[in-house]
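The values are calculated or read from the model by the stated rules, or taken from the named source; none is laboratory data. Because the structure is predicted, anything quoted here is derived from the model rather than measured. Note that each Cβ is placed from the backbone with ideal geometry, even for glycine, and that neighbours are counted across all protein chains shown.
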Amino acid sequence: MQIELSDREFRRLLDLVYVGNWIMNSARGDDRILEYDELESKIFSYCMKNKMVSLFEVVDGEVVPSARFAEGGIHEAIMDYEDTVFYEILAEELARRDMDFAPINQENMEELNERIDEYIEEFEENGVNNLSVDK
């Protein structure tokens, strides 16, 4: 297979590959999916041919994203995504709890969405500052 990419497109592909591998493997500890690590290494190895030497390092004979790449803003994008997902899941779980975890159907979908929107608005204004856990 041959894919033609501009330098800009290739640079964006590096971001996508890194983020994809991060999602697939970052929480797995020692149980990483090696095929994703290997594919990331393969894609980043093309940095050598494209004169993007600052974006990769060779560690123990394996091409990996460089510290400069990882510290260049990609983790801020990952953190933004994680925050959004966290608040959306939390809002839905709280809304469903408020509705006694009733099965969602056409009759109560609008109520669920209204409750979710209220929680999202609260989180946008105050983060988790107003949350408490009763024991």
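Got a number for residues in the range 46-59 being out of contact with any Phe, Trp or Tyr (no Cβ under 6 Å at 6 or more places or on another chain), closer than 15 Å to ARG11 by Cβ and without any contact (Cβ under 8 Å) to a residue 40 or more places away in the chain?
Number satisfying all stated conditions: 6.
State whether one or more residues within the range 1-13 are assigned to a loop (DSSP other than H, G, I, E, B), outside the structural domain of ILE120 (by TED's automatic domain parsing) and basic (Lys, Arg).
no
Output the number of the condition that TYR87 fails; it satisfies all remaining conditions of (1) hydroxyl-bearing (Ser, Thr, Tyr); (2) surrounded by 10 or more Cβ atoms within 10 Å (Cβ to Cβ); (3) farther than 30 Å from LEU16 by Cβ.
(3)
Just give me the residues in the range 79-107 being in a helix (DSSP H, G or I) and either more than 18 Å from GLU124 (Cα to Cα) or assigned by TED's automatic domain parsing to the domain that holds MET24 (or both), in sequence order. Before you say what the answer is, go through the steps one by one.
From the range 79-107, those in a helix (DSSP H, G or I) are 79-98; that's our starting set.
Passing the criteria: ARG96, ARG97, ASP98.
Yes or no: ALA67 farther than 30 Å from GLY127 by Cα, out of contact with any Lys or Arg (no Cβ under 6 Å at 6 or more places or on another chain) and not charged (D, E, K, R)?
Details: farther than 30 Å from GLY127 by Cα: yes; out of contact with any Lys or Arg (no Cβ under 6 Å at 6 or more places or on another chain): yes; not charged (D, E, K, R): yes.
Considered against the rule, which asks whether it is farther than 30 Å from GLY127 by Cα, out of contact with any Lys or Arg (no Cβ under 6 Å at 6 or more places or on another chain) and not charged (D, E, K, R), ALA67 comes out as yes.
Need the failing condition index for ILE89 against (1) closer than 19 Å to VAL133 by Cβ; (2) in contact (Cβ under 8 Å) with a residue 24 or more places away in the chain, just the number.
(2)
Considering TYR87, TYR46, TYR119, which residue is aromatic (Phe, Trp, Tyr), in contact with a Leu (Cβ under 7 Å, 6 or more places away or on another chain) and modelled with pLDDT of 95 or more? Write out each step before concluding.
Details: TYR87 fails: in contact with a Leu (Cβ under 7 Å, 6 or more places away or on another chain); TYR46 fails: in contact with a Leu (Cβ under 7 Å, 6 or more places away or on another chain).
Checking each option against the conditions leaves just TYR119.
Going through the range 1-45 one residue at a time, which ones are over 14 Å from the mean Cα position of the chain (by Cα), surrounded by 12 or more Cβ atoms within 10 Å (Cβ to Cβ) and touching a residue at least 40 places away in the same chain (Cβ under 8 Å)?
PHE10, ARG11, LEU14
Going by the conditions given, is GLU76 modelled with pLDDT of 95 or more and in a helix (DSSP H, G or I)?
Numbers: modelled with pLDDT of 95 or more: no; in a helix (DSSP H, G or I): yes.
Here the answer is no, as GLU76 does not meet what is asked.
Quick check on my filter: what residues within the range 46-63 are in a helix (DSSP H, G or I), loosely packed, with under 13 Cβ neighbours inside 10 Å and not polar (S, T, N, Q)?
To start, the set of residues in the range 46-63 that are in a helix (DSSP H, G or I) comprises 46-49, 53-55.
Subset that is loosely packed, with under 13 Cβ neighbours inside 10 Å: 49, 53-54.
Residues satisfying the conditions are LYS49, VAL53.
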